[in-house]
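All remarks here apply to the structure that follows.
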Amino acid sequence: MMTKREKSKKAQRTNGNAEPKLVRIDIAPSDNPHTPERSDILNTAGFSDAMFNCVSFAIGDSVRW
């Protein structure tokens, strides 16, 4: 997953997105996420309306993103 992520980031930067971000939604939560928690990656678990609030908060958080 992370190899594809790095290729995607490079392509997005080429297309003018200087700081591409990833929101990973795990609809079947587990103890072993496929992507590490980083400043440009948000791992979320479950899928409900509350998840959209979580993503909205993370994107609006100037300290993290």
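Here are the numbers for the structure shown:
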| read-out | value |
| --- | --- |
| Matching entry among 27, 41 (being surrounded by 14 or more Cβ atoms within 10 Å (Cβ to Cβ) and among the hydrophobic types (A, V, I, L, M, F, W, C)) | 41 |
| Complete set of residues in the range 14-65 that are touching a residue at least 12 places away in the same chain (Cβ under 8 Å), within 15 Å of residue 2 (Cα to Cα) and of a type in the set (Lys, Arg) | 21, 24 |
| Top-ranked residue of the range 4-41 - restricted to ones that are among the β-branched types (Val, Ile, Thr) and part of a loop (DSSP other than H, G, I, E, B), ranked as nearest to the chain's Cα centre (by Cα) | 35 |
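For every residue, the table says whether it meets (1) at pLDDT 75 or above; (2) polar (S, T, N, Q).
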{"residue": "12", "(1), (2)": "yes, yes"}
{"residue": "21", "(1), (2)": "yes, no"}
{"residue": "25", "(1), (2)": "yes, no"}
{"residue": "40", "(1), (2)": "yes, no"}
{"residue": "43", "(1), (2)": "yes, yes"}
{"residue": "49", "(1), (2)": "yes, no"}
{"residue": "54", "(1), (2)": "yes, no"}
{"residue": "58", "(1), (2)": "no, no"}
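The values are calculated or read from the model by the stated rules, or taken from the named source; none is laboratory data. Because the structure is a prediction, the values reported are computed rather than measured. As a convention, Cβ positions derive from the backbone with ideal geometry for all residues, glycine included, and neighbour counts pool all protein chains shown.
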